[in-house]
Each structure stands twice: as structure tokens, then as C-alpha cells.
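Everything below concerns the one structure shown next.
Rule-based calculations on the coordinates, nothing more; no lab input. Just so it is clear, the structure is predicted and the values come from calculations on it, not from any experiment. Reconstructed Cβ throughout: ideal geometry from the backbone, glycine too, with neighbour counts over all protein chains shown.
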Amino acid sequence: MTEGRTGLGTRSRLRAALAAGTAALALAGCGVAEGADGSVADADSLVIGVKDNEPGLGSRGANGRYEGFDIDVARKVAEGLGVDAGNVTFKKVSSDQREDLLDEGAVDLVVASYSVTQQRKTEVTFAGPYYVAHQDILVRQSDAASVENVRDLAGKRLCRVDRSVSFTRVREERDVPVLSVPGADYADCVSKLAAGALDAVSTDDLILTGLAAKAAAAGSGPALRMVNAPISDEPYGIGLRKGDVEGCEAVNKAITGMYQDGTAAALLKKWFVPAGLEVTTTVPQFEGCD
Amino acid sequence: MTAVQPAPPGAPPTAPPAPAPAPGTGTAPVVRRPRGGVRRPDAPPPSRRFGFVPRTVAGRVRALTGAVLVAVVALLAVVAVSVGNARDGVRVIGEDAGPQVVATGDMYFHLTNMDAQLANALLIGRAQDLGTRRDEALRRFDESRLAAGKALLRAAKLADEDIEDETARESLNALARYERLAGQALLLDERANHAAGPPPAEVIAYYRQATDLMKLDLLPKAYNLTLDNGTLVRHTYESERGAVMTGQVLVYVFGAVALALMAALQLYLFVRFRRVLNPALAVSAFLTLVLVGASAVMLNGQVDHLRTAKSDGFDSLLSLSRARAISTSANADETRFLLDPGRADTYEQVYLSKSQSVLYRPADNLDRYNEAIQRDLGAPDLDPQRERFLGFLGREAGYGALPGQPRAYRDVLQKYRAFQQSDSRVRALVRAGQTDRAIAARLGGGAGGLSSDRDFTAYDAAMQRLFRIHHEAFEKAVKDGEKGTRGWNAGVPIAGLVIIGLVLAGVRPRLAEYR
């Protein structure tokens, strides 16, 4: 931060000196340097925070490479920012670290099933959303008949992941008296659901679909079932360091391009349509960068 | 070239070919011809460090004159380019992005209102005793449809990029599809002839398709266009303002150089030709000074106009447009919450999220949000200008200097508070299982005369009053900006011709002496 500011200051002074010393030729090039210091819009390389435990969104494949919808979106956005694929590094982030890592500058962008909330907007600048997911509920097939909507979760054990909004949406927003069972992440929650350590996992349909498909493929444990009673819109944003308006606008431009050239539709089809999800292929309503 | 006596390395630079008065050349103030004194005027100077200084007096006068002319032309060029930059900045903000924000904001409002009125009509059914009847809702639907179409056309006309153009075309298509779905929903709903409340499932199925099309396709396009204009203005403002400020510095620099060269020429003529003052040159120097001063004042004014047009006008128009867009769609979510119980949870969640983006108060659920709004906006000693709430409405706090703004802003906040309160009552009735009373509280016509829809209309009207205050400030700043550079296009070349003509006129008789 400080370093960047000093750099800009020197540059401006240099410009002023140059402007003073040069003749009419310099006119064509005059103007004050644009862009904030340290904006991802000017970056040559990017460290992007992603999840590694959400199959379909962000996880590690058999060869150890990151894969999923979020990963592909991150690559596409980096391309839109003019960063070579070779200069993009993925870094695993968990739900409870995202704000801190952005603030510290340990990651430049977060593309990690990161819902834009008004609360989070006080800490992070959000580009996008690049997709709007919906919070739903996953239960064991054997309980499916007794859970039709979120209110049927009253008195049941619901998984809670730190700094994820999903649990709050059920217990505070919907005011459903659920019992809290901590989970490290949603993969852990789904394992606990299969093992009978809790009764329901409620979070974004995109995450649940991927985890349920993975559990089904593994073949062990009881069958799981999505309730299909959405309770929210979860606009998935791309997190940037607070105040990077320039970078946010550049990311939005990349997202718009991704929808206009059909990439988004292709990626949604690749990652979610086979799992039976209905997807929206038009560009979402952006939050705005301020 | 001139014979040059190379200075010995390390030696101090020799004195320039000083135009020192030759000794013994009398004291006559005016001399017609150059005197052949100790040194002939055209004799090479005794020593010279640089090779490009002409040898002869005539050559030197020409060289100095040339330098003066170059500096004057550079000064004029700087002024002309800066005027152009300032004008571009004002034009982009005033004639492109500003009207686009208004047009796309209008479009968003009317599209949302269409969907809201459709939801009203479907919710009302055959009921005649509510504050609004079905045919009334449909009439408002039609009005909004016309207005949305008009705003869409206006936005399309203002579109100057392919993407904007394409967006306008796609929006037109989507609007046609929306109207078809709305028509189907209305037809089925009419046949069902149901009492006030959620219509049959098949009607809801059509309504869901229609509202999804609106929410997922049409509205994002309009909203993102609005946002794009914000980006455009920010970039334009930063670069044009920077360019105008750089221009100001350059005007001073080139003005100083031109004046210094004119002074040098004047001095040289004085020394060589015994001219006390060359009137033409003096006038040209005076005019140059006036030009520099006027340009500096004008550019300073332009920087101010740009800032006012952007900060007091455009930024606030943009954030109020967004506040109105998001508020209107939150209001529609209240109807949808009543209309479609299957999606009621989601409609309530997005209502909270939208409300928080309009005026942020930390709260985990809608009840607590409303409590916070009632408490914080209802405080008897509330000073919204100082309180600085987060959210679109909070940004208004910074504009207290605009005439009429503090009162209009306060009014918006109070109307917003009233609307949130009546929304809360509607939801409480739904939770208590009293759907009929909830619908009456929503649309009016029930006991107590409550109508949250009417409260919203009052809030929206207050917001439009605030909007108009900013729109006036915006238009005034744009007009002032345009006025500020009026005449400069012609004025700069004319001033240039006059100054150059005077310089030449001042020098020509002296050069003629060498013919």
C-alpha cells in the first residue's frame, strides 16, 4: 500500500516535471496517471483464492490440479484481465479466511462460492456476481418425506460452518430453531450427514449437488436427497481488496464478456447440467463496485 | 557554420554574446541606424561556446522572433487542447452518461413496476374491496409498459457502443417474450376468477416464468448498463480532469517561456537598435499575459464544473437511480411474497438483502432490520448528514450543501422508515396466518387504512424529489461547463493571429534595416 502510493507520487511528480520541460510534442501524451495503485486491473500475475473441497465448484482432480466451475471462471477472468495463464496461481482458502487473506494481500482475488452479502461488502469489494445460486437443503433419503421445506428442520441437527452465511439464513433469517453441529467445511458436513452425526446440510445448491454426486459415486453410506426448497438468492461474487474499484470494474467487464461470448453457458453446462441442475445463462445483475 | 573557439576543457563558460552597449555610442534615445561602434553589429562575437547562435544581428533577431513564435504557438496549442479536454469531459458526463443513467434508471423502474403490477393483478383476483382493483393494476401495468418501451428506445438512441446497442436489442426481444407470458398468466387468472390471494398453481407457473425472465434477463441488462455509465464517467472524469490540470501547468510554463522570450527580444532590440520600447511587441506581450491569465481562470473553472457535474450531480444521480431501482424491486418482492408461497422464503430473503443495500443496518433477519430502522431513523436527534449510514441512501449525507437537499433527504428517510414499518406489519399478519388481512394491509382497503403499497409510493415520490434536486445541480454544472468554454474555439486562433501579427509587425521594421 504505502509503497505503491509513494511510487505513484514519484511518478506524478516526474510527470509534472516532464510536462514542464517538454514542448508541444508532449501534449498528445499528457494527462494524469489513471488507475489506483495495486489494482488487480494492472496485475501481471494473480494469486486467486479458491476452494478445494467443493466438487463441481472448486476441488482437486485426480492429477492434483484444481478443477470446477469457479476455477474455470477464475481462469477466464484472469484472461480478461490480461494475465497469462502461466502467471495464475491458485491458493486454497476456507470460508473463514476469505476476508483476511484479501485484506493481507495474500490473495488478489477470491473465487470461492463467495456470496455477496451487505455485511461482507463492508470488508471486501465484490465484482460480479458471476452466478446466482440458491440455498437448499440436503437430507438422507430416509428423512426426505419429513422435510419439505426449511421449517421442517425445526429441532433437527443442522451443520454449521464458520463464517458461512448458510446456517444464519436458516436459524436467524428464517427463524427456524435448529440445533447446531459444527462442520469443518461442507464436505465434512456431508460426511457427517451420511454417518448420521447430523440430520441436514443447508447451503448453496451448487455446492450440495457436487457433494451429493461425489458421495453417490463413492457408493458407501445412505442415499442423500436434495429437498429442492430454495430459501435464498446467493449471488456469487469475486472478492477483491476493499476499495479496488478499478479492478472490480475490469473483472465485471470480463464477466460480461464471458456471458456474451457463450463461455459462461458452456461452463455451466459442463459442470452442472449433468447433475440435473437448471442453470441461468444470462449475465446476472451486478452489485456495482462501490 | 560559424567559427567556434572551443572553450578549454573545464573552463567556465564564456560570457554570452552580451548585447552590452558599445562604448562611446552616445546617449541618443532613438537611433535610426545601427552604429558602427567598436565592433560592427554583424561581426562575429569574440568567443562563443555554442554553435547555434546566429552570427548576425538580423539572424539573432530572426532566431529570437522564431523562438517567440514557437512558444506562442505552443501556448495556443496547449490552450486549445485543454479546452478540448474540458469540453470532452463535460460532454461525456452531460450528454452521454448522464442521460443514459436517467434513461436506463427509468427503464429499470418501469420494467420492475410492470412486474409488480402484474403480481398485484394476479394477487387481487376478483376482489373489489381492496385499495386497488385488478383493472386498476392492469391499467398501471400498461402505463409502465409504455413508459418502459419509451425509456428503452431512449437508451437505445443514446447507445454509442456495439455492446449497448446489442443490449438494447436483446432487451426489446425479452420484453416481447415477457408480455406474452404475462398475457398467458392473466388469461388463466381471469378464468380462475379467484378471491384475493395466491392464484391457482398454473397461473403461478406462468408468473414464475415471466418474473424470472424479468429478474434474470431484462433487469440485469438495464442495471448493468446503468453501472457501465458510472464506470465511463469515472474514467472520463479522471483522465479529462487530469488532462485539464496538466494543461493548466503547461499554460503557465509556455506562457512564461513566451513572455521571457518576448522580453529578451525587446531587450535585444533596445540594446542593438536603441529602441526604448517596441510598442507592437509590448502589446503582444500584454495580450499573451492576458491570454495566460484568462486560460488559467477558464481551466480552473472547468475543473470545478467537471467536479460539480460529477460529484454533486452524476454520482448522486447514479446512486439515487440505483436506490430507486433496488427499492422498487424490493417493493415488488413484498407482493411476490404474498403471491407465491412456494417462493416466499426466497422473496423475503432478497427483500432483506435489497433493503440492506438501500440503507444498511446490521441485522440477521428482517424483524431485527426493521427494529433497527425504526430505532435509528426515528431518533429525535437524528442528523442524517452526520450519521453517515452505509448503503445508497447513506451516500446522500454528503450533499447537504445543495439547496433543499437536507429537507428532501430527511423526508426520504422518514418515508423509508414508514414503508419498512408497514412491510413489517404485512409480514406479521402472514406469519399469524391472516393472509386476507395481510393482503388488505398490502394493497389497502382493510380496517385501519393501512397500505404498504401506498407507503412505498410516498417513499418513491420523496426519492424523486431528491432526485430532481440533484438533476438540477447536474444540469446547471453541465451548462456552466459548456458556457465556460464557449467562444474559445474561435478566440484561441484569433488571439494567436493577433499576437503573432503584432510580434512580426514589431520586428519587421528592424529587419528591414538590413535589407
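Here segment B:58-503 is assigned +1 on the Cβ of each Lys and Arg and -1 on the Cβ of each Asp and Glu. Its dipole about the Cα centre then comes out at about 1580 debye. The H on the amide N of A:Ile238, modeled in the peptide plane, is under 5 Å from the matching H of A:Ala127, A:Gly128, A:Tyr130, each at least 5 residues off or on a different chain.
Name the residue from B:Val290, B:Ala418, B:Gln128 whose Cα lies farthest towards the positive end of the charge dipole of segment B:58-503, charges +1 on Cβ of Lys and Arg and -1 on Cβ of Asp and Glu. My answer, from the dipole projection, is B:Val290. Taking the C-alpha atoms only, the angle from helix B:366-378 to the longest principal axis of chain B is near 60 degrees.
Restricting attention to segment A:213-290, which GluC sites (Glu not before Pro) occupy a DSSP loop and are surrounded by at most 16 other Cβ atoms within 10 Å? Loop-located and lightly packed - A:Glu278. What do you get for the angle between helix A:186-195 and the principal long axis of chain A? Use alpha-carbon atoms, 0 to 90 degrees, nearest ten. Approximately 10 degrees, to the nearest ten. In sequence order, segment B:123-130 has phi-based couplings of 6, 5, x, 8, 4, 10, 9, 8 Hz under the Karplus curve 6.51 cos²θ - 1.76 cosθ + 1.60, θ = phi - 60°, and Gly or Pro positions carry x. When a/c is below 1.5 the answer is rounded, else prolate if a/b is larger than b/c, else oblate, so apply that to segment B:83-126 with a ≥ b ≥ c taken from the square roots of the Cα gyration tensor eigenvalues. Since a/c reaches 1.5 and a/b is larger than b/c, the shape of segment B:83-126 is classed as prolate.
Panel order for B:Arg180, B:Arg361, A:Arg225, B:Arg336, by other beta carbons found within 10 Å of each beta carbon, from fewest to most: B:Arg180, A:Arg225, B:Arg361, B:Arg336. Per residue, the average separation of C-alpha pairs within less than 8 Å and at least 6 apart gives segment B:51-142 a relative contact order of 16 percent. Considering only A:Tyr259, A:Ser202, A:Asn53, the residue lying farthest towards the positive end of the dipole of chain A is A:Asn53, judged by Cα position with unit charges set on Cβ.
Helix A:245-260 and the longest principal axis of the Cα set of chain A meet at an angle near 60°. Sorted from greatest to least, the principal axis extents spanned by the alpha carbons of segment A:106-257 come out as 50, 34, 26 Å. Return, ordered by residue number, the residues of segment B:168-210 whose backbone nitrogen is under 15 Å from a label point located 7 Å along Cα→Cβ of B:Gln128. In segment B:168-210, the label zone of B:Gln128 (backbone N under 15 Å from the point 7 Å along Cα→Cβ) covers B:194-196. Every Cα-Cα pair in the protein assembly as shown was counted, and those over 52 Å apart are 31% of them. Fully extending the segment from A:Ser142 to A:Asp162, taken as 0.36 nm per residue of separation minus the present Cα-Cα distance, adds 4.4 nm. Neighbour counting of Cβ atoms within 10 Å sorts the residues A:Ile238, B:Ile469, fewest neighbours leading, into B:Ile469, A:Ile238. Label sites at A:Ala216 and B:Val73, each approximated as a point 7 angstrom past Cα along Cα to Cβ, lie 7.8 nm apart.
When the Kirkwood radius is taken over all Cα pairs of chain A, what Stokes-Einstein diffusion coefficient follows at 37 °C and 0.692 mPa s, in µm²/s? The estimated diffusion coefficient comes to 160 µm²/s. With neighbours defined as other Cβ atoms within 10 Å of a residue's Cβ, the residues A:Ser45, A:Ser232 order from fewest to most as A:Ser45, A:Ser232.
Under a Gaussian network description of chain A, with springs only between Cα atoms under 10 Å, the residue in A:Asp52, A:Asp205, A:Asp103 that fluctuates furthest is A:Asp103.
The 3J(HN,Hα) values that the Karplus relation (6.51, -1.76, 1.60; θ = phi - 60°) gives for segment B:135-148 are, in residue order, 5, 5, 4, 5, 5, 5, 4, 5, 4, 5, 4, 5, 5, 5 Hz. Gly and Pro appear as x.
In segment B:58-503, the ratio of gyration radius to Kirkwood radius, Rg to Rh, stands at 1.19 when only Cα atoms are counted.
The simple Förster model, with R0 at 41 Å and r as the Cβ-Cβ distance, assigns B:Glu95 and B:Leu289 a FRET efficiency of 0.75.
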